[in-house]
Amino acid sequence: MLKIEGLKVSVEGKEILKNINVEIKSSETHILIGPNGGGKTTLLLTIMGLPKYKVLDGRIIFNGIDITNMPVNERAELGIGLMFQKSPKITGVKLFALCKLMGQQRVDDEEIYELAEKLNLKAHLFRDVNSGFSGGELKRSELLQILCQNPCLVLLDEPESGVDLDNLDLIGNVINKLLQKDKVKGRERSGLIVTHLGYILNYVNSDKGHVLMDGEIVCSGNPRDIFDEIKKYGFERCKECGC
């Protein structure tokens with residue numbers, strides 16, 4: 001579903017990503033791990049096509065289509081959805097209206113209400129998007145928007161950060177269903193999840209993990225094994241491993 005080849009990216013003139021190569025097959029979920037400032041968020045926002053992130057070299061292929069220079073809206077229409085780490089506030093736009101826009105005739109008003117109820121957000125539907133929301137409410141708002149969009153590739157940037165245990169449980173279970181991990185057959189959606197603490201692994205059975213440090217993927221493998229090694233030896237061990 002997603003193939004990244006030799007990707008180099010700069011932000012405001014500074015090279016952040018250096019020769020990234022990743023392939024995510026249909027129905028696979030990959031975890032992206034690494035220290036702060038390593039380039040994890042940059043990779044997700046580059047895949048989404050935000051203009052601040054300049055591709056210097058390499059290609060991003062999505063379902064056989066080269067999207068390297070494609071604008072954000074066209075990537076979204078193709079089926080890529082993003083959950084921000086730091087959710088933007090949109091003054092003057094109600095959450096319900098945004099959900100309808102993202103639904104694009106795929107979800108009706110009743111379905112939006114049902115999804116909002118599952119995420120404890122019915123009382124927020126007619127508030128400005130993310131305005132005055134708590135940490136947990138911001139994450140749930142982002143998830144509601146993605147559920148309405150119904151993308152085939154989901155990019156989640158630290159979904160467990162800044163939330164309490166109750167919100168973490170709700171968010172984790174919704175992400176598990178979003179990524180179709182509770183189904184034995186018929187999985188079609190893929191995911192790439194950035195995590196710093198690894199709590200999301202308690203809810204989502206990831207297929208592969210990658211360690212991103214200093215703009216390069218230095219290790220790939222079983223995400224739980226990688227996290228166990230990091231807890232014992234720190235990220236520098238990943239460089240030595242080179243798996």
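Read-outs throughout are calculated quantities, based only on the coordinates presented, and are distinct from any laboratory measurement. Remember, it's a predicted structure, so these values are computed and weren't measured experimentally. A quick note on method: Cβ atoms are made from the backbone with ideal geometry, for glycine too, and the neighbour counts reach across all protein chains shown.
For the chain, report the convex hull volume of the alpha-carbon atoms normalised per residue, in Å³, without decimals.
Normalising the Cα hull of the chain by residue number yields 127 Å³.
So how far apart, in nm, are the two label points at residue 173 and residue 19 if each is 7 Å from Cα heading toward Cβ?
4.6 nm
Considering the Cα trace of segment 104-146, what is its radius of gyration and what is Dmax, both in angstroms?
10.1, 29
State, in angstrom, two size descriptors of segment 70-175 derived from its alpha carbons: Rg to one decimal place and Dmax to the nearest whole number.
12.9, 38
I need the shape label for segment 1-88. Rule: rounded when a/c is under 1.5, else prolate if a/b > b/c, else oblate, with a, b, c from the alpha carbon gyration tensor.
Verdict is rounded for segment 1-88.
If the limit is 24 Å between Cα atoms, which of 25/231; 8/52; 8/232; 52/231 go over it?
On the way: 25/231 28 Å; 8/52 14 Å; 8/232 31 Å; 52/231 33 Å.
Flagged as over cut-off: 25/231; 8/232; 52/231.
Sorting 200, 16 on the 10 Å Cβ count, fewest up front, what's the list?
16, 200
Relative contact order for the chain using alpha-carbon pairs under 8 Å, separation at least 6, rounded to a whole percent?
Relative contact order of the chain: 26 percent.
Using a 7 Å offset from the Cα along the Cα-to-Cβ direction at both residue 110 and residue 89, what is the distance between the two label points in nm, to one decimal?
Result: 3.6 nm between the two label points.
Tally Lys/Arg at +1 and Asp/Glu at -1 over every other residue whose Cβ is under 14 Å from the Cβ of residue 111; what's the total?
Here the charged neighbours net out to -1.
Tell me the relative contact order for segment 101-243 as a rounded percent, counting alpha carbon contacts under 8 Å between residues six or more apart.
Taking the mean separation of contacting Cα pairs over the length of segment 101-243, I get 18 percent.
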